[in-house]
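Enquirer: Handing you a structure now.
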Amino acid sequence: MTAVTVASGAAKSKATDRPRARSNALKKNRVQLDFAPRSMERLNALKTKTEAASYAEVVKNALRLYEALIEETESGKQFLVRNPDGAVAPFRLFL
């Protein structure tokens with residue numbers, strides 16, 4: 001398994017172990033995820049395809065999209081996909 005740190009905590013100075021001053025810095029939480037090799041390959045592929053600067057950017061974008069899909073589904077909406085021959089079918093989310 002590969003560990004990936006998604007979001008970093010407040011930066012600290014090694015000399016004083018105090019947070020460094022940053023203008024308009026938001027409090028962040030550090031999250032560490034363990035990925036199986038196949039999941040890490042998928043994360044790398046998404047990072048490359050989307051030209052994301054970091055794994056954190058990929059995960060944040062994925063969370064935004066997932067949240068939006070769930071909100072729309074909860075409000076009764078349905079997502080449809082059209083295959084190459086023009087047939088339309090519901091897109092099944094794993095909810």
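Enquirer: Among the residues of the range 75-88, write down those that are touching a Leu at 6+ places or on another chain (Cβ under 9 Å) and either of a type in the set (Val, Ile, Thr) or loosely packed, with under 10 Cβ neighbours inside 10 Å (or both).
Expert: Listed by number, the list holds a single entry, 88.
Enquirer: Condition first: in contact (Cβ under 8 Å) with a residue 12 or more places away in the chain and either under 27 Å from residue 1 (Cβ atoms) or under 11 Å from the mean Cα position of the chain (by Cα) (or both). Now tell me which residues in the range 71-95 satisfy that.
Expert: Matches in the range 71-95: 93, 95.
Enquirer: Also: Just checking, how many residues over the range 53-95 are under 30 Å from residue 32 (Cβ atoms), part of a loop (DSSP other than H, G, I, E, B) and at pLDDT below 95?
Expert: Residues flagged as under 30 Å from residue 32 (Cβ atoms), part of a loop (DSSP other than H, G, I, E, B) and at pLDDT below 95 within the range 53-95 amount to 3.
Enquirer: In addition: Does residue 30 satisfy being modelled with pLDDT of 90 or more and either surrounded by fewer than 13 Cβ atoms within 10 Å (Cβ to Cβ) or part of a loop (DSSP other than H, G, I, E, B) (or both)?
Expert: So residue 30 passes the test.
The values are calculated or read from the model by the stated rules, or taken from the named source; none is laboratory data. Fair warning: this is a prediction, and the values are worked out from it, not measured in the lab. With ideal geometry, Cβ positions are generated from the backbone for all residues, glycine too; neighbour counts draw on all protein chains shown.
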